[in-house]
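The values are calculated or read from the model by the stated rules, or taken from the named source; none is laboratory data. Because the structure is predicted, anything quoted here is derived from the model rather than measured. Neighbour counts run over all protein chains shown; Cβ positions are idealised from the backbone, glycine included. Remember, those area values only see protein heavy atoms, side chains included, never the ligands or the DNA or RNA. Shrake-Rupley method; radii C 1.70, N 1.55, O 1.52, S 1.80 Å.
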Amino acid sequence: MKHISLMHELPAMKILQLSGSKLSSPYHFLRSQKVLAASRQVHKISAQVLESSAAEETVTSSFASFIHGVRPEHLSEVVCHRSKRMILDSIGVGLVGSTTRVFNIALRYCQQLYASNAVSSVYGRKGLKLSPALAAFTNGVAAHSMDFDDTWHPATHPSGAVLPALLAASQMLPPSSKPNGLDFLLAFNVGIEVQGRLMRFSTEAHNIPKRFHPPSVVGTMGSAAATAKLLSLNVTQCAHALAIAASLAGAPMANAATQAKPLHIGNATRLGLEAALLAARGMEASPLILDDIPGCSGFSAFYGDYRPKLLPLPANSHEFLLEKQDVAFKRFPAHLGMHWIVDAAASVRNLLINYSGSFSPSLIRAILLRIPASKYINRPFPESEHQARHSFQFNACTALLDGEVGLNSFTDGCLHRQELTELLDKVLVEHPEDNVANFDKMYGEVALVLENGDVLTGRCDTFYGHWRKPLSRESLLKKFQSNASHVLPEDKVNSIITTVDNLENLPDSSQLASSL
């Protein structure tokens, strides 16, 4: 029973004797003290070396260096003692926790999540099926992998966070309770509506984001709401689904322009689906998650100026936000802000051709971009395709060189062209006060300062595809056919168009997912 003494602060000698280690004898203890002293000296020297190079480090790199470099000899006796107490206690509370209801809900859910009888389809992989949650995740990642998905105002990517969850859920349900196409369409709009309502509770959310990537926040909530609707959860379960989703939401803007950014959409749609499924199985969460409770943040944790309002229960009719606020569809795969600067660059390119008879980079002394101030899309020399998709400079110069931006513009061959690098070297940036970082108010302007001193300027206030200048049906179909034809034959492409056109008449909405 001596091991009970681990619960108290003991002298170092006694701790080591109780441990049963090689250090239990006085000889080994004294020897260990010498080793610890020597290691501390080594640590002191290494700390001095680190201090001398501190100016070259970032906080993140210092954390990474610590994680990689720390060794067992850096642990003091007190740290070893206290941490072992923590481990012992944690194991104990974990063991007793395995008797609780919430543990059993989670356990049963995980057993289904990774079941071998996968039922949900994956984009572009005919015959491949995954569990519903994992299919939603992979399809969500696919939707945002090129930053080619739709954008709404306030700023978010609404569809990619909702649609994959619904596609997966529609295939999960048994034949006797498959939702029809109209059920599916309603659930989708519920997911879109919830996102829009939540974003309108914050003025901060109206602008291009700085802290959280919006779909990782409101998208997770929208996915949960949409799935809850499709599964016909009751009122209490719907509330719990939202609250559970809030605990699963959020991703930082620092991962924009990296391969991790598409995970934001994948996780949003997957975790929202999981939140609804957990609620359906009886998991409970805060009933006040969307309320502004002083001193105990719920969803308000994501926005500093969160001011929620009641969402009226529809009576005979309900005006969805989508009716008042359309979405923007992108013509090329890049951040929405790039579309203003590309159209402005294409415009001034034509002016230069008319001015000189051809486009010649040698005529250009400087390229001035007048753009909103937004750090994560102001990238003078992007090094990867994901950075290039988030670079005003890259997209402007590509449009100047090629007259357009498309799928192939972000390949390594295009990204590292010498002539592109030479143009990037000439770029200057201004942030006019009237050009705010807001997709409903911003503009793009490109001015070419020529070697002879003349200045040519192109400007775009509203690009084609923006909600103020929406794509025509012909243009939207052309985009879909071009994208889908990369993985599907023409007859399948056309079949999907027909199915979506007649979605409200589809007797079994899972047929849509099966066609992908």
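Looking across the range 193-218, the residues that are among the β-branched types (Val, Ile, Thr) and more than 16 Å from Ala241 (Cβ to Cβ) come down to Thr203, Ile208. Among the residues of the range 422-438, count how many are open to solvent by 10 Å² or more (accessible area, probe 1.4 Å) and out of contact with any strand residue (DSSP E or B) (no Cβ under 6 Å at 6 or more places or on another chain). Looking only at that region, the number is 8.
Entry remark, the range 339-389: residues being under 24 Å from Asp150 (Cα atoms) and among the basic types (Lys, Arg) number 3 in total.
Here is a yes/no grid of residues against (1) under 30 Å from Lys210 (Cα atoms); (2) open to solvent by 50 Å² or more (accessible area, probe 1.4 Å); (3) in contact with a Cys (Cβ under 9 Å, 6 or more places away or on another chain):
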residue: Ala315; (1), (2), (3): no, yes, no
residue: Lys324; (1), (2), (3): yes, yes, no
residue: Lys330; (1), (2), (3): yes, no, no
residue: Leu352; (1), (2), (3): no, no, no
residue: Arg379; (1), (2), (3): yes, yes, no
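The set of residues in the range 119-152 that are in a strand (DSSP E or B), more than 22 Å from Gly465 (Cβ to Cβ) and of a type in the set (A, V, I, L, M, F, W, C) contains only Leu130. A Cβ distance below 6 Å, combined with a sequence gap of six or more or placement on separate chains, defines the contacts here; from the range 346-374, residues that are under 22 Å from Gly406 (Cβ atoms) and assigned to a loop (DSSP other than H, G, I, E, B) reach residues that are open to solvent by less than 30 Å² (accessible area, probe 1.4 Å) and not β-branched (Val, Ile, Thr) in the pairs Phe359/Leu352; Ile371/Phe392. Strands (runs of 3 or more DSSP E) fully within the range 401-516 that include at least 3 residues being aliphatic (A, V, I, L, M) and under 23 Å from Gln387 (Cβ atoms): 427-430. Residue check: is Ser247 within 22 Å of Arg108 (Cα to Cα), open to solvent by 30 Å² or more (accessible area, probe 1.4 Å) and without any contact (Cβ under 8 Å) to a residue 12 or more places away in the chain? Criteria not met by Ser247.
In this structure, does Ala257 turn out to be over 21 Å from Leu185 (Cβ atoms), open to solvent by less than 10 Å² (accessible area, probe 1.4 Å) and either assigned to a loop (DSSP other than H, G, I, E, B) or among the aromatic types (Phe, Trp, Tyr) (or both)? Steps first, please.
Working: over 21 Å from Leu185 (Cβ atoms): yes; open to solvent by less than 10 Å² (accessible area, probe 1.4 Å): yes; either assigned to a loop (DSSP other than H, G, I, E, B) or among the aromatic types (Phe, Trp, Tyr) (or both): yes.
Spelling it out, Ala257 is indeed over 21 Å from Leu185 (Cβ atoms), open to solvent by less than 10 Å² (accessible area, probe 1.4 Å) and either assigned to a loop (DSSP other than H, G, I, E, B) or among the aromatic types (Phe, Trp, Tyr) (or both).
Figure legend. Inter-residue proximity from the range 172-201: first residues over 30 Å from Arg307 (Cβ atoms) and without any contact (Cβ under 8 Å) to a residue 60 or more places away in the chain, second residues open to solvent by 40 Å² or more (accessible area, probe 1.4 Å) and outside any helix (DSSP H, G or I), beta-carbon distance below 8 Å, spacing 6+ or different chains. Indicated pairs: Met172/Val119. With the requirement that a residue be over 30 Å from the mean Cα position of the chain (by Cα) and without any contact (Cβ under 8 Å) to a residue 40 or more places away in the chain, what does the range 488-516 give you? Of everything in the range 488-516, those that are over 30 Å from the mean Cα position of the chain (by Cα) and without any contact (Cβ under 8 Å) to a residue 40 or more places away in the chain turn out to be Pro489, Glu490, Asp491, Asn494, Ser495, Thr498.
The residue that is farthest from Asn408 (Cα to Cα), counting only those in the range 139-158 that are within 13 Å of the chain's Cα centre (by Cα) and either basic (Lys, Arg) or open to solvent by 10 Å² or more (accessible area, probe 1.4 Å) (or both), is His157. Got at least one residue in the range 214-221 being assigned to a helix (DSSP H, G or I), within 16 Å of Thr269 (Cα to Cα) and free of Cβ contacts under 8 Å to residues at least 60 places away in the same chain? Within the range 214-221, one or more residues are assigned to a helix (DSSP H, G or I), within 16 Å of Thr269 (Cα to Cα) and free of Cβ contacts under 8 Å to residues at least 60 places away in the same chain.
Inspect the range 288-298 for any residue being assigned to a loop (DSSP other than H, G, I, E, B), in contact with an Asp or Glu (Cβ under 8 Å, 6 or more places away or on another chain) and surrounded by 18 or more Cβ atoms within 10 Å (Cβ to Cβ) and give the result as yes or no. Yes, the range 288-298 has at least one match. Applying the criterion of being within 22 Å of Lys178 (Cβ to Cβ) and not polar (S, T, N, Q) to the residues of the range 96-122, the residue that is most open to solvent (accessible area, probe 1.4 Å) is Val119. In the range 208-236, which residue that is more than 21 Å from Tyr306 (Cβ to Cβ) and either buried (at least 20 other Cβ atoms within 10 Å of the Cβ) or not polar (S, T, N, Q) (or both) is modelled with the lowest pLDDT? Per the stated criteria, the residue is Val235.
State whether one or more residues within the range 47-68 are modelled with pLDDT of 75 or more, on the phi < 0 side of the Ramachandran plot and not aromatic (Phe, Trp, Tyr). Yes, there is a match, as at least one residue in the range 47-68 is modelled with pLDDT of 75 or more, on the phi < 0 side of the Ramachandran plot and not aromatic (Phe, Trp, Tyr).
Could you check, for the range 386-396, whether at least one of its residues is assigned to a helix (DSSP H, G or I), surrounded by fewer than 20 Cβ atoms within 10 Å (Cβ to Cβ) and within 22 Å of the chain's Cα centre (by Cα)? Yes - at least one qualifying residue is present in the range 386-396. Of all the residues in the range 439-456, those that are loosely packed, with under 15 Cβ neighbours inside 10 Å and over 31 Å from the mean Cα position of the chain (by Cα) number 5.
In the list Asp434, Asp425, Asp402, which residue meets the criterion of being under 20 Å from Phe148 (Cβ atoms) and free of Cβ contacts under 8 Å to residues at least 24 places away in the same chain?
Matching residue, one of Asp434, Asp425, Asp402: Asp402.
Residues that are farther than 21 Å from Asp326 by Cβ and either polar (S, T, N, Q) or open to solvent by less than 30 Å² (accessible area, probe 1.4 Å) (or both) within the range 159-172 comprise Pro164, Ala165, Leu167, Ala168, Ala169, Ser170, Gln171, listed in sequence order.
Could you list all residues from the range 123-138 that are of a type outside the set (Val, Ile, Thr) and open to solvent by 30 Å² or more (accessible area, probe 1.4 Å)? Tyr123, Arg125, Lys126, Gly127, Leu128, Lys129, Leu130, Leu134, Phe137 - these are the residues of the range 123-138 that are of a type outside the set (Val, Ile, Thr) and open to solvent by 30 Å² or more (accessible area, probe 1.4 Å).
With Ser495, Ser510, Ser482 as the choices, which residue is under 30 Å from Leu128 (Cβ atoms), surrounded by 18 or more Cβ atoms within 10 Å (Cβ to Cβ) and not hydrophobic (A, V, I, L, M, F, W, C)?
Ser510
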